[in-house]
């Protein structure tokens, strides 16, 4: 509701307080980021890892490459800048996660309350694709009581984690350990098994698999049908990343142009700027002398010139700021508001990318509908051009008898259950809803796993919210309110561009503690007891953020909804003078976006009408029987 300068909301019993913990509410799997950040601030590092791991089978990987919707929603950003949540997760996973070689805490820390309470009967389940979504389904179903076999087309599991994410962003040993931790639960993995080539959906059914999950992702890159696109030096970004990460990079010229404005485009560009021809493992085993030699050799031979071309203006780009900044430090040239128009080819040789000025990317309704200034044409010299504008599916494995329908190049599913048009087949992740974050794939896979269980058991699993209030007892660290956000240490730019070393390092302990102390503890709330309030305005006067207001009825009823409430309470008040209206009633308004939980209002209140209370909540699964076992809920 709008009321003057305020957007007013009356707290309800549950949803309001859940949404106040914005980091947790924004996380697709509802990881308690506030909880593990607070634990780090208190030096409780193992407890912090257990909280981070509880809802996420890929906590260590997300500590490296998650899109971090928690940080995008962090309320501290309304004060200055968000807490470095992702890097803090990495700080504790590096100490207690599977990458240490010990999987015991990983196995023990899972929140089994989010698994269906009734167990399976060890039916055989087939999971196609050993990426994030497939392995999450395998993780949950094997823990729920099923025999799970994962079929992977590549020689190594991981999906985009191994073939798509650059080796300098995500250590491959870490990926292997976290996957091995899942396999150690009893999951059977079969690599080099491609759906449509080595087996089919029909053959899986014939072998006795009672349910099938498709987690095949979007393996192909998108290209634009522009003049000259058939030239051999116009490359698919996904093909480039797969080859680069395998240590067998595609040949590139010295002038490379990448088309795209997202994180994948920067993955491609930052890979292109690095030395080629060496696998990640072999290079990372070399000593620092070898790195210095490689850097010197690059400088003597002339560094590559890498450009990124995108339609968006700088502030519209979907790429993370850190990617753009670090890319610039590594020598990548960014061209904003440029649309690719033609690949200039002379005598069979690619010489340039012709671009046109993009004046707007979206129309008035927010739809993607670029417009151009045709008078502003620019040729960017190029020996190689790489597309990084999105991914597409390969559904050639589908046969009519499978009963699995598709739409717009994706598997058609019920978005609530991820069941396909074939009752025994489920699908989620990118193949079901298009490219999204890894954490989105994990969240959808957890739903799919519960739905597969329900299909086999004839049940309906529901997620129930449990909550409780308690007095808040806490102490904020000295200087927490003025501590600036810091990113973890990173390699120097010239070293980054000359090696495949991991770009971003882990916080040292002292720095991690300081960064964790910046958390505003959004699960602690200022709770008002209006029956005790004497309208003295002491809380208004003492608030350092100036965010509390005692607003009279005359101001409130400017909003139609509040007018209706007041009329129901007091009758027709339209003719009553403002002074009298304010004597009749009002509300205490608080701007939650900038509250720093300093508790000065509570300490100042003479009647104890304000209390600092902790709101604790968690989710758990419950199951109820349905009438139709194995029903298709689409």
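The values are calculated or read from the model by the stated rules, or taken from the named source; none is laboratory data. Since this is a predicted model, take the numbers as computed values, not measurements. FYI the Cβ positions are ideal-geometry reconstructions off the backbone, even for glycines, and counts take in every protein chain you see.
Residue 551 - would you say it is touching a strand residue (DSSP E or B) at 6+ places or on another chain (Cβ under 8 Å), free of Cβ contacts under 8 Å to residues at least 12 places away in the same chain and surrounded by 15 or more Cβ atoms within 10 Å (Cβ to Cβ)? Answer is no for this residue. Filter the range 331-359 down to the residues that are in contact with a helix residue (DSSP H, G or I) (Cβ under 8 Å, 6 or more places away or on another chain) and more than 11 Å from residue 266 (Cα to Cα), then identify the one that is modelled with the highest pLDDT. Applying the filter and picking the extreme gives 336. Of the residues making up the range 377-404, those that are loosely packed, with under 14 Cβ neighbours inside 10 Å and not in a strand (DSSP E or B) are 396, 399, 400, 401. Given the criteria surrounded by fewer than 22 Cβ atoms within 10 Å (Cβ to Cβ), within 21 Å of residue 513 (Cα to Cα) and free of Cβ contacts under 8 Å to residues at least 60 places away in the same chain, does residue 119 qualify? So residue 119 does not fit the description; no.
Pairs are defined by a Cβ separation below 8 Å, a sequence spacing of at least 6 or placement on different chains, a first member in the range 337-349 that is not assigned by TED's automatic domain parsing to the domain that holds residue 372, and a second member that is not in a strand (DSSP E or B); no pair meets this definition. Could you say whether any residue in the range 253-260 is modelled with pLDDT of 95 or more, in contact with a helix residue (DSSP H, G or I) (Cβ under 6 Å, 6 or more places away or on another chain) and either at positive phi or in the same structural domain as residue 344 (by TED's automatic domain parsing) (or both)? Scanning the range 253-260 turns up at least one residue that is modelled with pLDDT of 95 or more, in contact with a helix residue (DSSP H, G or I) (Cβ under 6 Å, 6 or more places away or on another chain) and either at positive phi or in the same structural domain as residue 344 (by TED's automatic domain parsing) (or both). Of the residues 212, 179, 201, the single one that is in the same structural domain as residue 442 (by TED's automatic domain parsing), in contact with a helix residue (DSSP H, G or I) (Cβ under 8 Å, 6 or more places away or on another chain), crowded, with 17+ Cβ neighbours inside 10 Å and without any contact (Cβ under 8 Å) to a residue 60 or more places away in the chain is 179. Of everything in the range 40-54 that is under 22 Å from the mean Cα position of the chain (by Cα) and not in a loop (DSSP other than H, G, I, E, B), the residue that is surrounded by the most Cβ atoms within 10 Å (Cβ to Cβ) is 52. Using the structure shown, decide if residue 126 is part of a strand (DSSP E or B) and either at pLDDT below 95 or crowded, with 17+ Cβ neighbours inside 10 Å (or both). Yes; evaluated as a whole, the condition is true for this residue. From the list 527, 540, the one residue that fits, being touching a strand residue (DSSP E or B) at 6+ places or on another chain (Cβ under 7 Å), outside the structural domain of residue 166 (by TED's automatic domain parsing) and either loosely packed, with under 15 Cβ neighbours inside 10 Å or part of a strand (DSSP E or B) (or both), is 527. Considering only the range 11-39, state which residues are surrounded by fewer than 18 Cβ atoms within 10 Å (Cβ to Cβ) and not in a helix (DSSP H, G or I). Once the filter is applied, which keeps residues that are surrounded by fewer than 18 Cβ atoms within 10 Å (Cβ to Cβ) and not in a helix (DSSP H, G or I), the range 11-39 yields 11, 12, 13, 14. When residue 382 is tested against (1) free of Cβ contacts under 8 Å to residues at least 40 places away in the same chain; (2) in the same structural domain as residue 273 (by TED's automatic domain parsing), exactly one condition is not met: (1).
Within the range 307-323, being farther than 19 Å from residue 235 by Cα, in contact with a helix residue (DSSP H, G or I) (Cβ under 8 Å, 6 or more places away or on another chain) and crowded, with 18+ Cβ neighbours inside 10 Å holds for 317, 319, 323. Does residue 470 qualify as being touching a residue at least 40 places away in the same chain (Cβ under 8 Å) and surrounded by 15 or more Cβ atoms within 10 Å (Cβ to Cβ)? No, not satisfied. Determine whether residue 57 is touching a residue at least 60 places away in the same chain (Cβ under 8 Å), over 19 Å from the mean Cα position of the chain (by Cα), crowded, with 23+ Cβ neighbours inside 10 Å and closer than 21 Å to residue 175 by Cα. It is false that residue 57 is touching a residue at least 60 places away in the same chain (Cβ under 8 Å), over 19 Å from the mean Cα position of the chain (by Cα), crowded, with 23+ Cβ neighbours inside 10 Å and closer than 21 Å to residue 175 by Cα. I'd like to know if the range 560-578 contains one or more residues that are closer than 18 Å to residue 609 by Cα, free of Cβ contacts under 8 Å to residues at least 60 places away in the same chain and over 26 Å from the mean Cα position of the chain (by Cα). Scanning the range 560-578, I find no residue that is closer than 18 Å to residue 609 by Cα, free of Cβ contacts under 8 Å to residues at least 60 places away in the same chain and over 26 Å from the mean Cα position of the chain (by Cα), so the answer is no. For the range 405-417, the set of residues classified as in a loop (DSSP other than H, G, I, E, B) and over 21 Å from the mean Cα position of the chain (by Cα) consists of 405, 408, 409, 412, 414, listed by residue number.
Checking the stated criteria, residue 365 turns out not to satisfy the condition of being out of contact with any helix residue (DSSP H, G or I) (no Cβ under 7 Å at 6 or more places or on another chain) and within 15 Å of residue 231 (Cβ to Cβ).
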